[in-house]
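Presented below is the structure to which this report refers.
The values are calculated or read from the model by the stated rules, or taken from the named source; none is laboratory data. Model, not experiment: these values are computed from the prediction. Reconstructed Cβ throughout: ideal geometry from the backbone, glycine too, with neighbour counts over all protein chains shown.
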Amino acid sequence: MELNEGVGANIKPGPEGFYMDNSLLSKININHLKIFETVYRLKSMTLAAQELFLTQSGVSQHMKSFEESLNLTLFIRNRTQLYTTEEADLLYKSCVRAFMDIENTLHKIKDPKEKQIAGTIKIGIPTEFGNNIVIPFLSEWSQKFPQVKFDFVYGYGLALMQQLENSDVDLAFIDSIQKNRKVASRVVFQEDLNLVASNQYLKKHDIKPTQKENLKDLLLLDFLEYEHKESILRMWFQYHYNKKNVSLNIKAWATNVQGVASLVKQGMGVAILPDHLIEKLIKQGQPLHVFKGKKSNLKNDISVAWIKDKPRSQASDELLKHILTKNPV
């Protein structure tokens, strides 16, 4: 009985398992697969050479030989950039699965006394939330696993989701998860969102910090936003005052929380900032006024996300278990 696996590859039963007769895998240099994986992941022959402790010309020659042995083009090269072909995309996904499987198996068969979790985990994080919340949280876990390294990638919602789908990160902390059948997620943190202004802004507009707030007075202020849809501000007004279509004078937009915080510090207007950033600014000596609204603070959910069917290294698997166990909301 023969099991046919692809064109020209016959996997036959042998006395100690299975062997491959006339397979493509038996005709290539296995080292080429590791070099290919590194070049693809880094999108650079030069960076791959540095990581593998090879010369750039050596890596280039390896890839040329690999392509010739397969009779395929895997990379399209020009002077400044390396582009991958569709065939390379398919092969890379298979390599990642195979290497992770082998890595996890090696850990399982080693002597448990010698077993240590190691490797690099790439984590996507929003800048301020990542710096103020995620990194301090992970630091305690990292002390238990000194062989584990971290590679943090900063970004926001859609950008981090794209990084995750492209396997550029292993895990990502995202505050607005869109439905995606490939991605699994769970809410693990919450941050309070508050409407704030600098004392400088209050004084300039003759607003007393102790005076009672009302919707009419609030709508006369100058506002600072992250996006032109004004979704964060409108969310705050709907939550506190049950008003959907308020008219807001937007003084400035900035696409990240540091930019909006900088505008607030300069007294340019009023904005929504997360509680951990407000506390940080106040500790740094920046006097801020927090508008109370009509209810308790508006909550923003932060989820950890990962690709469902992507094999994970033992290190990233252990970290994900820790995150899900220690941070139920």
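Can you pull out every residue in the stretch 24-45 that is touching a helix residue (DSSP H, G or I) at 6+ places or on another chain (Cβ under 7 Å) and assigned to a helix (DSSP H, G or I)?
Within the stretch 24-45, Lys27, His32, Leu33, Ile35, Phe36, Glu37, Thr38, Val39, Tyr40, Leu42, Met45 meet the criteria.
Only one of these is basic (Lys, Arg) and surrounded by 15 or more Cβ atoms within 10 Å (Cβ to Cβ): Lys283, Lys243, Lys229, Lys251. Name it.
Details: Lys283 fails: surrounded by 15 or more Cβ atoms within 10 Å (Cβ to Cβ); Lys243 fails: surrounded by 15 or more Cβ atoms within 10 Å (Cβ to Cβ); Lys229 fails: surrounded by 15 or more Cβ atoms within 10 Å (Cβ to Cβ).
Only one candidate passes the filter, namely Lys251.
If the requirement is being touching a helix residue (DSSP H, G or I) at 6+ places or on another chain (Cβ under 8 Å), among the polar types (S, T, N, Q) and within 23 Å of Leu24 (Cα to Cα), which of these qualifies: Ser94, Ser60?
Details: Ser94 fails: touching a helix residue (DSSP H, G or I) at 6+ places or on another chain (Cβ under 8 Å).
It is Ser60.
For Ala88, only one of the following conditions fails: (1) under 27 Å from Glu165 (Cα atoms); (2) out of contact with any Ser or Thr (no Cβ under 9 Å at 6 or more places or on another chain); (3) surrounded by 15 or more Cβ atoms within 10 Å (Cβ to Cβ); (4) of a type in the set (A, V, I, L, M, F, W, C). What is its number?
Looking at each condition in turn, Ala88 falls short on (2).
Each row is one residue, and each column tells you yes or no for (1) modelled with pLDDT under 90; (2) exposed (fewer than 15 other Cβ atoms within 10 Å of the Cβ).
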site: Lys110; (1), (2): yes, yes
site: Lys113; (1), (2): yes, yes
site: Ile117; (1), (2): yes, no
site: Pro126; (1), (2): no, no
site: Pro136; (1), (2): no, yes
site: Val148; (1), (2): no, no
site: Tyr156; (1), (2): yes, no
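Is one or more of the residues making up the stretch 84-97 at pLDDT below 90, of a type in the set (Lys, Arg) and part of a helix (DSSP H, G or I)?
Yes - at least one qualifying residue is present in the stretch 84-97.
Read through the list (1) within 30 Å of Ile102 (Cα to Cα); (2) loosely packed, with under 12 Cβ neighbours inside 10 Å; (3) at pLDDT 90 or above, then give the number of the only condition that Ser316 fails.
Unmet for Ser316, out of (1) within 30 Å of Ile102 (Cα to Cα); (2) loosely packed, with under 12 Cβ neighbours inside 10 Å; (3) at pLDDT 90 or above: (2).
If the requirement is being within 20 Å of Ile125 (Cβ to Cβ) and either assigned by TED's automatic domain parsing to the domain that holds Phe223 or within 28 Å of the chain's Cα centre (by Cα) (or both), which of these qualifies: Ser313, Ser296? So that I can check it myself, show each step before the final result.
Numbers: Ser296 fails: within 20 Å of Ile125 (Cβ to Cβ).
Among Ser313, Ser296, only Ser313 is within 20 Å of Ile125 (Cβ to Cβ) and either assigned by TED's automatic domain parsing to the domain that holds Phe223 or within 28 Å of the chain's Cα centre (by Cα) (or both).
Could you list, in sequence order, the residues of the stretch 216-244 that are in a loop (DSSP other than H, G, I, E, B) and either of a type in the set (S, T, N, Q) or closer than 24 Å to Asp206 by Cβ (or both)? So that I can check it myself, show each step before the final result.
Taking the stretch 216-244 as the starting set, the residues that turn out to be in a loop (DSSP other than H, G, I, E, B) are 219-221, 226-230, 242-244.
Result: Leu219, Leu220, Leu221, Asn242.
Looking at Gln200, Gln190, which one is in a helix (DSSP H, G or I), in contact (Cβ under 8 Å) with a residue 40 or more places away in the chain and surrounded by fewer than 19 Cβ atoms within 10 Å (Cβ to Cβ)? If you could, list the steps in order and put the result at the bottom.
On the way: Gln190 fails: in a helix (DSSP H, G or I).
That would be Gln200, the only listed residue that is in a helix (DSSP H, G or I), in contact (Cβ under 8 Å) with a residue 40 or more places away in the chain and surrounded by fewer than 19 Cβ atoms within 10 Å (Cβ to Cβ).
For Leu277, indicate whether it is surrounded by 13 or more Cβ atoms within 10 Å (Cβ to Cβ) and farther than 24 Å from Ile302 by Cα.
Numbers: surrounded by 13 or more Cβ atoms within 10 Å (Cβ to Cβ): yes; farther than 24 Å from Ile302 by Cα: no.
Judged against the criteria, Leu277 is not a match.
Scan the stretch 66-82 and tell me whether some residue there is modelled with pLDDT under 90, within 30 Å of His322 (Cα to Cα) and either not acidic (Asp, Glu) or not in a helix (DSSP H, G or I) (or both).
No: the stretch 66-82 contains no residue that is modelled with pLDDT under 90, within 30 Å of His322 (Cα to Cα) and either not acidic (Asp, Glu) or not in a helix (DSSP H, G or I) (or both).
Would you check if Asn132 is touching a helix residue (DSSP H, G or I) at 6+ places or on another chain (Cβ under 8 Å), surrounded by 13 or more Cβ atoms within 10 Å (Cβ to Cβ) and over 24 Å from Leu160 (Cβ atoms)?
No: the conditions fail for Asn132.
Collect the residues in the stretch 134-166 that are under 23 Å from Ile117 (Cβ atoms), in contact (Cβ under 8 Å) with a residue 24 or more places away in the chain and touching a strand residue (DSSP E or B) at 6+ places or on another chain (Cβ under 8 Å), keeping them in residue-number order. Spell out how you get there, then give the answer.
Initially, the stretch 134-166 is screened for residues under 23 Å from Ile117 (Cβ atoms), giving 134-153, 164.
Pick out the ones that are also in contact (Cβ under 8 Å) with a residue 24 or more places away in the chain and you get 134, 137-138, 141, 145, 147-153, 164.
Correct list: Val134, Leu138, Gln147, Val148, Lys149, Phe150, Asp151, Phe152, Val153, Leu164.
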